[in-house]
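Structure record follows, encoded as structure tokens.
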Amino acid sequence: MVITDSIRTVDRLETVIGPNLLGEWFLQHGYLTQTQLDRALEYQKLKGGRLGWILASLGYVTRLELYEVLAKYYSLTFIKDVDYLRQQIDKPLAMMLTHEEITKYQVILFNLDEENILSVLTADPDAQSSLDFLRQRFGSVEVKQIVITDLDLMKISEELFRESITDKSINGLFYRNPAESAHRVVTRSQWFFLAGVVTCLAIWGFFRVDSLIVTMLYLVQLFFVIPLFFKLGASLWSKIKTVPKPGYLDVRDPWDVGDWPVYTILITAYREKEVIGNLIKSLKKLDYPEDKLDIILLMEEDDPETLQAAKLEKPPANWRFLVLPKSAPKTKPKALNYGLHFARGEYLTIYDAEDMPEPHQLKKAVAAFRTHSSEYICFQAALNYFNRDENFLTKMFTLEYSSWFDCLLPGLFKARLPIPLGGTSNHFDVVKLKHIGAWDPFNVTEDADLGIRASMEGYKVGVIDSTTYEEANSRLPNWIKQRSRWVKGYMQTFLVHSRHPLKSIKAMGFWRWLGYAWLIGGTPINFLLFPIMWALFIASIFINVYGNIHIPDALFYLSAFNLFIGNAIAIFIAVLGVFSRKYFSLLPYALLSPVYWLLQSIGAYKGLWQLISKPFYWEKTAHGLTKYKPIL
């Protein structure tokens, strides 16, 4: 490549006459009406942003029309024939840039002709940063810009780097540190430890079976009650001592409208044709500059129905559809990792296909990041349900979520303990998210794992005063599928972060590590032990289950305490959720928490079996089953 002494663009309009010239172009060429232009200019005055993208994001012009006018405006060539671009592109030249650079600067190297003119495909012809980048990267060559749409640029770059993106999405965390990945469920050292424990118990039981049984009964009781008290303490702490609300903003106050960063929203959707329309309508209500939203809908190759349903909704130009190549494991975190490679935002959040976030949520998240220290990697919004009154299951599910997101997590935040994230509405600093390796594609509760890994890396997770409403499972088989996956993921997370306990304690600090252990390890233990304790209690009424074994009085009192006080604690935690949301009609159902715990135990045992038989299997939760229609 011959290096000249300057870089310049060819065939580019050199002067821009007046701030509204682009809008006048759209108007003069018949793409929009004067009323639409006036509305867009008023929107730009209030919220800032580039006029072209405002027009497209508001739906006044199509994406294709936007790029056609941009090309004319800058006197550049516009190409919409993707097949032609595929045939003519110089792939070795194009791959001189990394995929990250292509995404950041929205430019792909196309070809270099004999006259040393470098043709580049661009989806952002007015970005000086792209030209500065090319100048810095290639010295001084003549650059000819060819305009293509951002979707075509994404499509071509994905085809160029598909294998490496797929590999990083699946194995990136494992390459970073195998000990952090759930790719191997149980490590060799963990197997040795387990075998050693079983051997010791067998020897103990051979010589003193009575002593072994009493000791195990003590452990069962303690492992049940301690996590309960831990959750109770954290929940009460959030109420006794006022929790600051990061990102809380009075919507009546004026906003700083000139400095909103680009915000990426990742949505994973698999077999969600029933609810995808509601999602698109819901996200249109977000109070955030339309041209600063970067919404990516992630779908699978074997699900054309969801793609077709999404297209029929005709979402605005700030949406992009991305169909993932077929690869295992087929999990939500793998899809999120894939989508992360195409994210343009400074911040990023995740929504599920049935979600309805409150309109100000993104602004509150930005405010939280800007008013808190750089130690924060994520802020979690609360989750709750719009169909809470549908049946017994949805009412109990609502009680659980209300106590978890409105009491427990704020208490953990106030106590500066690790916070396991929810599967949606967690808002990330993208740079920090990539720094810790993003999501583990082999962990089926990737959100909880990510929250703990962030704590291991020295980052903090906060909570914001905003709620996303979802559809609660209203059918028991579907609920069991979801619950078994969640509990299995908690088991995976605990196994992963307990591989090197001394290292974990050093990284997190003893008390933070203890909080993680009781929450992540204690939650599935609670569910697994609950039916055992009831079975022992019932059996002891009718038969002498312990034979001639002497049961100490202390064990008897501890068992009675767990039976009565333990269940009372579970009920009280549910009651806290009732008062946190003022869902007073659900108050009588809090008394049924022990029944709900039995259902959770069924899911826990299914999750334990799947941890052994198919640890990476993602049981799909069906949505759109409720008879309640969300108010959009």
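The values are calculated or read from the model by the stated rules, or taken from the named source; none is laboratory data. Predicted model only: the values in this text are computed from it and were never measured. Reconstructed Cβ throughout: ideal geometry from the backbone, glycine too, with neighbour counts over all protein chains shown.
Restricting the stretch 365-386 to residues that are assigned to a helix (DSSP H, G or I) and out of contact with any Phe, Trp or Tyr (no Cβ under 7 Å at 6 or more places or on another chain), the residue that is surrounded by the most Cβ atoms within 10 Å (Cβ to Cβ) is Ala367. The requirement of being small (Gly, Ala, Ser), in contact with a Lys or Arg (Cβ under 7 Å, 6 or more places away or on another chain), assigned to a helix (DSSP H, G or I) and in contact (Cβ under 8 Å) with a residue 60 or more places away in the chain is satisfied by Ala56.
Any residue at all in the stretch 566-584 that is modelled with pLDDT of 85 or more and either part of a loop (DSSP other than H, G, I, E, B) or at positive phi (or both)? First the steps, then the outcome.
Residues of the stretch 566-584 modelled with pLDDT of 85 or more: 566-584.
Then drop every residue that is not either part of a loop (DSSP other than H, G, I, E, B) or at positive phi (or both), which leaves 582-583.
Looking for residues that are modelled with pLDDT of 85 or more and either part of a loop (DSSP other than H, G, I, E, B) or at positive phi (or both), one finds at least one in the stretch 566-584, hence yes.
Figure legend. Inter-residue proximity from the stretch 537-564: first residues within 15 Å of Ser211 (Cβ to Cβ), second residues of a type outside the set (Phe, Trp, Tyr) and at pLDDT below 80, beta-carbon distance below 8 Å, spacing 6+ or different chains. Indicated pairs: Tyr546/Ser540. All conditions in (1) in a helix (DSSP H, G or I); (2) under 28 Å from Tyr589 (Cα atoms); (3) of a type outside the set (A, V, I, L, M) hold for Thr424, with the sole exception of (1). If you filter the stretch 140-158 down to residues that are in a strand (DSSP E or B) and β-branched (Val, Ile, Thr), you find that the one that is nearest to Asp113 (Cα to Cα) is Val143.
Entry remark, the stretch 318-337: residues being within 18 Å of the chain's Cα centre (by Cα), under 21 Å from Tyr263 (Cα atoms) and of a type in the set (S, T, N, Q) number 1 in total.
Apart from one condition, Gln308 fits all of (1) buried (at least 20 other Cβ atoms within 10 Å of the Cβ); (2) over 20 Å from Ala381 (Cα atoms); (3) not aromatic (Phe, Trp, Tyr); the exception is (1).
Considering every residue within the stretch 276-298, establish whether at least one is farther than 24 Å from Lys363 by Cα and crowded, with 18+ Cβ neighbours inside 10 Å. Outline the logic, then answer.
The initial filter retains those residues of the stretch 276-298 that are farther than 24 Å from Lys363 by Cα, namely none.
No, the conditions are met nowhere in the stretch 276-298.
I need the full set of residues from the stretch 585-632 which are farther than 17 Å from Thr493 by Cα, of a type in the set (A, V, I, L, M) and part of a helix (DSSP H, G or I), in order please. Within the stretch 585-632, Leu586, Leu587, Ala590, Val595, Leu598, Leu599, Ile602 qualify. Cβ-Cβ distances below 6 Å connect the following pairs, each with a first residue in the stretch 343-372 that is under 13 Å from Ile267 (Cβ atoms), a second residue that is assigned to a helix (DSSP H, G or I), and a separation of six or more residues or different chains: Leu348/Val430; Ala353/Ile276; Ala353/Leu279; Met356/Ser282. Among the residues making up the stretch 49-90, a single one is crowded, with 18+ Cβ neighbours inside 10 Å, hydroxyl-bearing (Ser, Thr, Tyr) and closer than 30 Å to Ser164 by Cα: Tyr67.
Going through Leu27, Leu93, Leu37 one at a time, which residue ends up being modelled with pLDDT of 90 or more, within 23 Å of Glu290 (Cα to Cα), of a type outside the set (Ser, Thr, Tyr) and surrounded by 15 or more Cβ atoms within 10 Å (Cβ to Cβ)? Before you say what the answer is, go through the steps one by one.
Values: Leu27 fails: modelled with pLDDT of 90 or more; Leu93 fails: within 23 Å of Glu290 (Cα to Cα).
None of the others qualify; the one that does is Leu37.
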